[in-house]
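Presented below is the structure to which this report refers.
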Amino acid sequence: AVAQQAPKTIAVNFDTLFQEFYEVKDALAKFQTSIDAVDKELQTMASEMQPQSEKLQELVAKSRNPAMTDDARQEAEQEAVQLDQELRQRQQELGQFQQQQRQTLGLRRNEIRKQFVEKIREVVSQYAESSGAELVVNIAPVGGNVGGIIFVADAYDKTNDVLAILNADAPESAE
């Protein structure tokens with residue numbers, strides 16, 4: 001029987017490649033700007049409702065004030081009911097807007113991740129082929145756990161070599 005030779009294997013930490021790739025950093029910084037803009041808009045919308053909420057509290061207090069006439073209390077109560085309905089409608093709209101924005105941002109985050117995962121995978125494959133490797137192992141922890149690979153000798157870990165290729169055309173300010 002002929003002994004079969006083990007395939008030439010290299011290892012990379014895909015999480016490190018993703019986190020340290022300058023294009024990913026740039027895209028995520030731009031994405032964070034979008035998140036910040038949405039958060040600011042949500043805060044503005046919520047703060048715009050504050051005066052109405054305060055007015056509602058005043059109207060409720062007036063409607064319960066025994067020093068006021070029955071007609072004045074009844075008028076305050078009717079105004080409070082109407083304002084309460086308006087506030088509930090605006091809160092519902094705010095909630096829907098927030099949900100829609102979170103969904104849109106989630107989809108965009110997934111698109112960014114997919115785009116760069118494919119690019120990194122392509123560079124890893126090219127590196128493996130050019131170095132004669134037949135097997136590439138991801139040594140990144142899985143889901144916060146240790147991962148499937150417990151130990152890889154430094155000679156097999158080519159994360160920094162692949163990262164150097166990925167960041168070869170990075171602008172100087174990105175490094």
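Conditions (1) within 30 Å of Asn110 (Cα to Cα); (2) among the basic types (Lys, Arg), marked per residue:
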| site | (1), (2) |
| --- | --- |
| Gln4 | no, no |
| Ile10 | yes, no |
| Phe21 | yes, no |
| Asp26 | yes, no |
| Ala29 | yes, no |
| Ala37 | yes, no |
| Asp70 | no, no |
| Gln74 | no, no |
| Arg88 | no, yes |
Exercise. What are the pairs, 6+ residues apart or on separate chains, where a residue within segment 14-39 that is closer than 16 Å to Lys114 by Cβ has its Cβ under 9 Å from a residue that is open to solvent by 50 Å² or more (accessible area, probe 1.4 Å) and acidic (Asp, Glu)?
Worked result: none
For this session: Could you tell me whether Arg113 is within 30 Å of Ala133 (Cα to Cα), modelled with pLDDT under 95 and not aliphatic (A, V, I, L, M)?
Result: yes
Seminar exercise, completed: Per the list (1) under 26 Å from the mean Cα position of the chain (by Cα); (2) closer than 23 Å to Asn167 by Cα; (3) touching a residue at least 12 places away in the same chain (Cβ under 8 Å), residue check on Glu111 breaks on (3)
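The values are calculated or read from the model by the stated rules, or taken from the named source; none is laboratory data. The structure displayed is predicted, hence computed values, not measured ones. When we count neighbours, we look across all protein chains shown, and the Cβ atoms used for this are built from the backbone with ideal geometry, even at glycine. Surface areas here come from the heavy atoms of the whole protein model, side chains and all, with no ligands, DNA or RNA. Shrake-Rupley method; radii C 1.70, N 1.55, O 1.52, S 1.80 Å.
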